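The values are calculated or read from the model by the stated rules, or taken from the named source; none is laboratory data. Because the structure is predicted, anything quoted here is derived from the model rather than measured. Quick reminder, even Gly has a Cβ in these numbers, built from the backbone with ideal geometry, and neighbours come from all protein chains shown.
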Amino acid sequence: MITRLDRHLAVPIDYAADLLDTFDALAEILRHVEHDLRHALAGDHPDDTYHDLIATIDHHAQTLRRATSPVSPAVTL
């Protein structure tokens, strides 16, 4: 992996695909987690921590999905 001067990181597409699968699986697990775990997390952290965690995972998954998707050609009129 090479970090470029523009602060972007080049990663192999296979690694990015595996990371995206991991993000998706983690988000799915968190959405279906037992009620007790939500309460345990809320006991040690602010009430919105659980929802912030899911939002963060979704954000990074979407960013990675956009970065690894083929770019559609621009439509010109």
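Contact map, the range 55-71: first residue closer than 10 Å to residue 26 by Cβ, second residue of a type in the set (Asp, Glu), Cβ cut-off under 8 Å, separation 6 or more or different chains; pairs are 61/24. Inside the range 9-52, residues that are farther than 29 Å from residue 69 by Cβ and aliphatic (A, V, I, L, M) make up a count of 4.
Applying a threshold of 8 Å to beta carbon distances and a minimum spacing of six or more residues, or different chains, the list of pairs starting in the range 10-37 at a residue that is within 18 Å of residue 62 (Cβ to Cβ) and ending at one that is exposed (fewer than 10 other Cβ atoms within 10 Å of the Cβ) reads 11/1. There is at least one residue in the range 26-47 that is at pLDDT 85 or above, on the phi < 0 side of the Ramachandran plot and surrounded by 13 or more Cβ atoms within 10 Å (Cβ to Cβ).
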